[in-house]
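What follows is calculated from the coordinates using simple rules that are stated; it is not laboratory data. No experiment lies behind these values; they were computed from the predicted model shown. Positions of Cβ are generated from backbone atoms using ideal geometry, with glycine treated the same way; all protein chains shown enter the neighbour counts.
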Amino acid sequence: MSARLLMRAAVLVACTTGLSGCVVGAVVGTAVDVGVEVVKIPFKVGKGVYDAVKDDDEPKKN
């Protein structure tokens, strides 16, 4: 009985360790995605301001 209990405990520890790696990878991936989006915001705002301030007439299409 003791060997069987030890084997179950070993399998449980192995599964837990494997899944914790997946969780860490998901958290890091989400953090990177959020960071990239935060960095993009000033460029989007700057482009919007530039487009609003720019006073170019649109060329007429024939």
Exercise for the section: For a footprinting-style exposure proxy, rank Lys54, Lys47 by other Cβ within 10 Å, fewest first. Expected result: Lys54, Lys47
Fill in the blank from the handout: The convex hull of the Cα atoms of segment 1-49, divided by residue count, gives a volume in Å³ per residue of 33 Å³
